[in-house]
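Here's the structure we're looking at; comments come further down.
The values are calculated or read from the model by the stated rules, or taken from the named source; none is laboratory data. Just so it is clear, the model here is predicted, and its values are computed rather than measured. Heads up, the Cβs are rebuilt from the backbone with ideal geometry, glycines too, and the neighbour counts pull from every protein chain shown.
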Amino acid sequence: MTMKTKNTTSKATNHTVQDVCDAIRSHHNFVVVSHARPDGDAIGSQVAMGLALKALDKQVRLISAGPVPDIYSELSGVDEIEVASAATGRWDVAIVMECPELSRTELTGLNDGFVLSIDHHPGNTFFGNVNYFDESAAACGELVFSVLQGLQVPITADIATHLYIAILTDTGSFHHGPISTRTFEICRCLTSAGADPRALANQVFDQYRVGRLEVIATMLNEMQLEDQERVAVLNIDERLLTQSNATPNDLDGLVNLPLTTRTVQAVILFKSAPGQPLRVSLRSKGDVNVGLVAAAFGGGGHANASGFTLESTAENKRQAVIDQVMEAVRTALGPAVGGTPEKEKPLIRSR
Ligand SMILES: [Mn+2]
């Protein structure tokens, strides 16, 4: 049975780094979890915290509801993540990374224990007994870095690597999100502690199968452009995967491709699989807030990157999603002006 620390701290408030450090110092047995379908920030934050707790001679287990994606599987310490549906065993404190709500862990057994939440997602519900929430952080890994500094844990090369991966992936190679001078100050510390930016970028972004390119070719060929090329709609289904020599791991980040054009301001990716709910990923540029669109459909995320699922019977809601994303673009940028957008703002100005 799980031994639980009595809940004495009131919920629904934000706490300081110092509060987090005090909670960690005063306990011994930890479980560290992150969200289901873990990404680089979830894994990097979780493993870095695990390594730090070990350095402090704490007992720690890492648990995730989903497997580690292939691209992260060779990082040191990742093999310590147990894939399970429940946070079982004896623990005093559950550190929950990267989750605006406890349910995002998709793990049972966390409800009655002492929960310490570290997160940067807008809409965080302060579900923890201690909550360290800061949406101005580009990655949860930035907040973990602050905690480790507070705990005076030495930043080893392995910890640095995980925190760098967290920031690198959550910002899409320093491309989006609330990237700040703090982001680069932290990355400076991480690189001087041994994180290798070139090797890590290669490991995370340049290791896919050629089948990924086949998927991209078909997917972009079938891309639908709406609202004067301001909204791109992509589809990935079973047919596309079976036609190409690609696995689901080869599909990471494809949603971002249309954003590399000047005109496209928002992207919708519908990902369908037999017997599975329809997964919808949204991405946008600048002030276009697709986080609000996802929230309207029961999902969540950030202003420029969000997602949600629709029941497979909800195929007819696709157009409603497209309409709401177009509305989000209009809210931020006004109505699309007529004519070919490419011609209105020349890429290279004539002298
Ligand atoms: Mn994150």
ALA157: passes all of (1) buried (at least 17 other Cβ atoms within 10 Å of the Cβ); (2) farther than 23 Å from ALA84 by Cβ; (3) of a type in the set (A, V, I, L, M) but (1)
Restricting to the range 28-38, name every residue that is within 15 Å of the ligand (Cβ to nearest atom) and surrounded by fewer than 17 Cβ atoms within 10 Å (Cβ to Cβ). ALA36, ARG37
Do we find a residue being out of contact with any Asp or Glu (no Cβ under 6 Å at 6 or more places or on another chain), of a type in the set (Phe, Trp, Tyr) and within 16 Å of the ligand (Cβ to nearest atom) anywhere in the range 62-74? yes
Only residues in the range 40-61 that are touching a residue at least 12 places away in the same chain (Cβ under 8 Å) and within 16 Å of the ligand (Cβ to nearest atom) count as the first member; pair them with residues that are in a helix (DSSP H, G or I) and charged (D, E, K, R), Cβ under 9 angstrom, at least 6 apart or cross-chain, and list the lot. GLY40/ASP170; ASP41/ASP170; GLY44/ASP170; VAL47/GLU80; VAL47/ASP158; ALA48/ASP158
Would you confirm, using the coordinates I've provided, whether ASP134 is at pLDDT 95 or above, surrounded by fewer than 19 Cβ atoms within 10 Å (Cβ to Cβ) and in contact with a His (Cβ under 7 Å, 6 or more places away or on another chain)? yes
Please name all residue pairs, on different chains or six or more residues apart, with Cβ atoms under 8 Å, provided the first residue is in the range 144-170 and is more than 12 Å from THR191 (Cβ to Cβ) and the second residue is in a helix (DSSP H, G or I) and hydroxyl-bearing (Ser, Thr, Tyr). VAL144/SER45; HIS162/SER45; ILE165/TYR72; ALA166/SER45
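Quick grid of which residues meet (1) farther than 13 Å from ARG230 by Cα; (2) of a type in the set (D, E, K, R); (3) surrounded by 14 or more Cβ atoms within 10 Å (Cβ to Cβ); (4) out of contact with any helix residue (DSSP H, G or I) (no Cβ under 6 Å at 6 or more places or on another chain):
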position: SER272; (1), (2), (3), (4): yes, no, yes, yes
position: SER281; (1), (2), (3), (4): yes, no, yes, no
position: SER284; (1), (2), (3), (4): no, no, yes, no
position: ASP287; (1), (2), (3), (4): yes, yes, no, no
position: GLY291; (1), (2), (3), (4): yes, no, yes, yes
position: GLN319; (1), (2), (3), (4): yes, no, no, yes
position: VAL337; (1), (2), (3), (4): no, no, no, yes
Pairs, please: C-beta under 7 Å, at least 6 apart or cross-chain, first residue touching a residue at least 60 places away in the same chain (Cβ under 8 Å) and in the range 245-265, second small (Gly, Ala, Ser)? ASN256/GLY172; GLN265/SER284
For ILE165, which of the numbered conditions (1) more than 28 Å from LEU254 (Cβ to Cβ); (2) within 16 Å of the ligand (Cβ to nearest atom) fails to hold? (1)
Which numbered condition GLU222 fails, given (1) on the phi < 0 side of the Ramachandran plot; (2) within 14 Å of the ligand (Cβ to nearest atom): (2)
Test result for LEU110, of a type in the set (A, V, I, L, M), in a helix (DSSP H, G or I) and on the phi < 0 side of the Ramachandran plot: no
ALA195 touching a residue at least 24 places away in the same chain (Cβ under 8 Å), within 13 Å of the ligand (Cβ to nearest atom) and small (Gly, Ala, Ser): no
Can you find a residue that is in contact with a Ser or Thr (Cβ under 7 Å, 6 or more places away or on another chain) and surrounded by 22 or more Cβ atoms within 10 Å (Cβ to Cβ) anywhere in the range 187-196? yes
If MET49 passes every condition in (1) touching a strand residue (DSSP E or B) at 6+ places or on another chain (Cβ under 6 Å); (2) at pLDDT 95 or above; (3) outside any helix (DSSP H, G or I) but one, which one does it miss? (3)
Out of the residues in the range 137-151 meeting the condition of being part of a helix (DSSP H, G or I) and in contact with a Cys (Cβ under 7 Å, 6 or more places away or on another chain), tell me which one is farthest from the ligand (Cβ to nearest atom). GLY150
Members of the range 102-119 that are more than 19 Å from LEU56 (Cβ to Cβ) and touching a residue at least 40 places away in the same chain (Cβ under 8 Å): ARG104, THR105, GLU106, LEU107, GLY109, LEU110, ASP112, GLY113
